[in-house]
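Bear in mind these aren't lab numbers, they're just calculated from the coordinates by the rules spelled out. The structure displayed is predicted, hence computed values, not measured ones. Using ideal geometry, Cβ is built from the backbone for each residue, glycine included, and neighbour counts are taken over all protein chains shown.
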Ligand code: TXA
Ligand code: MG
């Protein structure tokens, strides 16, 4: 098969079953998928992405019941969240069941699970008959892909094209403390929506993500990106602006999230020497966009 080829669903299923990699669409970002129960196949993900160490991966399943079969215990709150938000942009970290290879979790005893909301990927997992482990399908530390073309720009892997991602930011990650859920990464499901279902969750004091493998710098474009001093106008044509109005003319934070990584890539490729970005309002998905923006600064 040609490097970087677009593949059909049948071909993607055959690749997964054959222990190979394939990039798959989800509602958040494209993922670089392998059979999560095949340790050698999962190891190929780390090699392809050039992740420096074995950062834990998310296991994706086609139903909540199947997702929960890969962890030891499921708290009531997890069932409540799954009923409301799966399939969707939410990842839950619980105690790993024995049969899941340790390479998926980077050696940790906990496992991140989620049911993605994309019909092609749900069918792929269902028909392949195995869960897939998948990080975002970009080279390590770079901007996450929200279209098949984004994947093809940065990785040489077969891609299942499912169109642009509807949510556009990675999933929100919650970890179970044994007693309540704790926010590990801001993402495509707002904290407000989660708290309506399970009440207040524990949040890190400094509003930064704390999942292992989350680095201070991440999601970086090549062009220098910095936060704009409020109201300051560009002093030359070499400076591109990234504002809420550019991400969503009507100021809708969900639309802004869906456009965020694509706009960041376009500005990165525009020839500008610097990108000046505005922080979004600290509410709903604005918080997750701000998290990504802060990490993309350099
Ligand atoms: O929306 C998403 O979550 C996308 C799509 C493809 O599903 N995936 C994604 O994967 O963003 P990745 O590998 O780029 O980020 C996974 C995050 C990492 O920050 C990792 O630290 C966290 O999940 N994670 C995975 N397993 C964990 C665990 N056992 N405990 C804590 N955090 C974990
Ligand atoms: Mg990533």
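Things worth noting here:
- Principal-axis analysis of the Cα atoms of the chain puts helix 39-49 at an angle of about 10° to the longest axis.
- Length gained when the stretch residue 53-residue 83 is fully extended (0.36 nm per residue, less Cα-Cα span): 7.4 nm
- Size of the range 144-267 from its Cα atoms: along the principal axes, largest to smallest, the extents are 53, 43, 29 Å.
- One decimal place: the segment residue 65-residue 255 gains 65.3 nm when fully extended, by the rule 0.36 nm per residue minus the C-alpha distance.
- Contact order relative to length of the chain, as percent, for alpha carbon pairs under 8 angstrom and 6 or more apart: 20 percent
- If R0 equals 22 Å, the separation of the Cβ atoms of residue 73 and residue 200 corresponds to a calculated FRET efficiency of about 0.50.
- Within the listed set 135, 204, 230, the Gaussian network model of the chain (springs between alpha-carbon atoms below 10 Å) gives the highest mean-square fluctuation for 230.
- Rel. contact order, % - alpha carbon contacts under 8 angstrom, at least six apart, the range 137-266: 27 percent
- Kirkwood-type radius of the range 31-169, with distances r between different C-alpha atoms, in Å: 15.3 Å
- Stokes-Einstein translational diffusion, the chain - Kirkwood Rh over all Cα pairs, 1.002 mPa s, 20 °C, in µm²/s: 111 µm²/s
- FRET efficiency for the residue 149 to residue 236 pair, using the beta carbon distance and R₀ = 30 Å, is estimated at 0.50.
- Computed label-point distance, nm, for sites residue 217 and residue 43 using a 7 Å Cα→Cβ extension: 3.1 nm
- Beta bridges from DSSP with both residues in the chain: antiparallel share about 45 percent, rounded to the nearest 5.
- Here the extension length gained between residue 140 and residue 99 equals 12.0 nm, from 0.36 nm per residue of separation less the Cα-Cα distance.
- Contact order, relative form, for the range 32-88: 21 percent (alpha carbon pairs under 8 Å, 6 or more residues apart, mean separation divided by residue count).
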